[in-house]
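The values are calculated or read from the model by the stated rules, or taken from the named source; none is laboratory data. These numbers were taken from a predicted model, which means no experiment stands behind them. For neighbour counting, all protein chains shown are included, and Cβ atoms are generated from backbone atoms with ideal geometry for every residue, glycine included. The protein model used for the area step is the full one, side chains on, heavy atoms only, and it has no ligands, DNA or RNA in it. Shrake-Rupley method; radii C 1.70, N 1.55, O 1.52, S 1.80 Å.
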Amino acid sequence: MAVAAVSLFSVPSRATQSSLTLVPTCRATSSSTLSTLFPSPPPLLLTQEPQTDSISSPSCALHCPHFQSCSGCTHEYNLHQPPILDEATEFFKKIGVSKFTFDSCRLWGWRCRAKLAVRGSSTNPSIGLYEFGTHNAVDIPECQAHHPNINSAVDLLKQGMAELNIEPYDEDMGTGDLRYVQMAVTTHNTSLPATERYKNGKVQVSLVWNSRSENSSSFRKLNALANYMWIKGGPMKEAHLIHSIWANFQTSTNNVIFGNRWRHLLGERDFWEHVGGIDVSMTPSSFGQANTRAFDALLQKLQKCVPYGSSVVDLYAGAGVIGLSLVASRKCRSVKCVEVNKEAKHSFEKTASRLPTHVESSISWHHADTSKEPLSWLIGSDVVVVDPPRKGLDLSLLNALQNVSFMKTKDILPESTNRKVKIEKRPWVLREIETSVQSNSQVVENESRSVPQTLIYISCGWDSFKEDCMSLLSSKAWHLEKVHGFNFFPGTQSIEILAVFKRGSGAINKKKKSGKKKKNQSKRNILPIGRNAVVEDKAFEESSMLYID
């Protein structure tokens with residue numbers, strides 16, 4: 001099982017206060033009403049011209065008592081407008097994208113998944129993030145980013161630790177019982193009206209215990225703590241707070257949070273969420289987006305960028321949430337999900353089992369490293385979706401994307417599409433329509449020889465995205481058709497990017513000169529601009545002007 005090493009502090013913002021002209025849409029909400037009301041501003045459309053006076057709306061302030069001591073948030077005001085927006089808007093303006101939309105999303109109570117350090121003493125535990133640059137845990141009982149039920153579950157945990165004398169972990173001595181806790185909120189409760197599901201979300205609690213396994217002498221204390229939380233916050237209580245309780249066993253002295261061994265203790269084993277129009281299964285060790293609602297908004301926007309009936313390959317797929325949501329919403333001919341972490345397969349299988357019965361796509365999940373022979377995954381797909389880690393695309397994949405765009409179907413030899421599946425003997429196949437997968441063979445045959453026409457890039461790392469974007473554009477293999485931003489982490493210097501690239505060097509709209517007739521008029525008109533040729537495609541509803549020096 002793969003292990004997770006997660007930083008529990010954030011790098012402070014070095015950007016200046018933003019001065020973009022925005023449509024101010026945030027709504028005032030005091031921190032005392034967070035448990036019953038969550039304002040959710042509508043999308044913002046950024047104009048291209050900045051103004052000199054910054055918008056500073058008190059109604060969009062963090063109002064968090066832990067700001068500055070906690071490293072989680074880096075700016076306190078204008079949560080709807082991350083400081084990095086100025087830079088992003090200017091960047092896209094320079095490369096010819098006329099409209100860059102930004103969804104400010106939920107500003108408070110948005111975090112549905114949190115990994116927190118546990119330090120201090122049993123009678124006065126500190127449960128929160130590290131102070132910047134240290135391993136001193138800052139207690140954050142009133143965190144305004146957390147879903148309120150995470151704060152409630154943390155409070156219940158503290159009560160149990162005090163009553164049962166559960167000692168927090170001491171890094172210097174390597175002693176103590178409880179090292180970390182992960183709180184994950186599920187809002188998928190079909191017994192409640194849709195409008196009430198978010199505020200009534202239940203919390204999956206994962207306790208990271210300082211022992212090798214459940215056979216250790218301290219397991220009795222762990223079991224007692226789990227039972228305490230279940231009795232106080234489980235289904236027998238009127239306020240049902242706890243969804244389930246899991247244990248993870250970890251004795252490493254490094255910064256890796258989770259160990260390899262997990263055990264389900266109490267509550268429901270299956271954890272479900274509903275995003276992108278599908279039910280998604282997640283385990284405690286699964287990667288999950290912290291901002292569930294923002295991720296759902298991104299998926300809905302992404303789905304509109306994929307033509308019906310496309311053949312899609314989803315790279316860095318994880319549990320295949322993106323690919324499976326496209327299966328359900330766009331009637332894709334085929335979807336291949338490729339992921340290096342084999343532990344994601346279990347969640348993929350469960351999620352695929354809940355797809356609508358009318359879905360007739362060919363669906364498969366492959367345990368493979370996309371950096372190795374990436375061209376083999378690209379050939380045969382109309383649409384490529386990439387959702388890489390913060391460091392961006394692997395260099396080999398970036399090179400393959402640059403090269404594949406210049407290929408023509410007739411130039412692709414059939415042999416090049418025979419994928420040598422050396423690291424997976426049995427790819428997971430839900431339905432097999434066009435492809436022929438021989439489970440015991442080393443080769444997957446009979447695939448289409450088409451080349452991708454659309455590249456959809458989802459980025460959580462702004463700096464790496466800029467580099468990858470410029471590499472794709474400068475090669476003239478792709479042009480950037482549209483781009484959307486999402487406020488996945490309000491209060492931080494971070495934005496999520498959804499960029500849609502189309503094959504070719506670019507498209508512009510240009511008025512015809514009067515008195516001159518064009519010969520051999522076709523749907524695609526080649527219009528030279530300087531030393532760069534750009535293409536006007538009538539099929540594109542939104543075009544962009546691209547100039548590359």
Please report, as a whole percent, how much of the solvent-accessible surface of the stretch 54-211 comes from carbon and sulfur atoms (probe radius 1.4 Å). 47
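FRET efficiency for Arg269 and Glu196, Cβ-Cβ distance as r, R0 = 22 Å, nearest 0.05?
On the way: r = 25 Å, r/R0 = 1.12.
The formula returns an efficiency of 0.35 here.
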Given Lys93/Lys331; Lys199/Lys466; Lys301/Lys391, which pairs have Cα atoms separated by over 26 Å? Lys93/Lys331; Lys199/Lys466
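Enter the accessible area per residue of the stretch 68-109 (Å², integer; probe 1.4 Å; all protein chains in place).
Values: 1350 Å² over 42 residues.
About 32 Å² of surface per residue is accessible.
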Using only Cα atoms, locate the centre of the stretch 101-145 and the centre of the stretch 217-271, then give the distance between them in Å, rounded to an integer. 19
Kindly provide the chymotrypsin sites (Phe, Trp or Tyr not before Pro) of the stretch 217-313 that DSSP labels as loop, not H, G, I, E or B, and whose Cβ sees at most 12 other Cβ atoms within 10 Å. Tyr308
Accessible solvent surface per residue of the stretch 176-306, calculated while the other protein chains remain in place, 1.4 angstrom probe, Å²: 43
If His240, His358, His66 are ordered by their accessible area, calculated over protein heavy atoms with a 1.4 Å probe, which sequence runs from highest to lowest? His358, His240, His66
Among the listed pairs Lys94/Lys502; Lys94/Lys304; Lys158/Lys345, give every one whose C-alpha distance is greater than 23 Å. Lys94/Lys304; Lys158/Lys345
Pairwise FRET efficiency - Lys304 versus Asp155, Cβ, R0 = 35 Å, nearest 0.05: 0.25
Amide proton proximity set for His146, modelled H, under 5 Å, gap of 5+: Gly109, Arg111
Just to confirm the filter: which GluC sites (Glu not before Pro) across the stretch 463-502 are DSSP coil and have at most 16 other Cβ within 10 angstrom of their Cβ? none
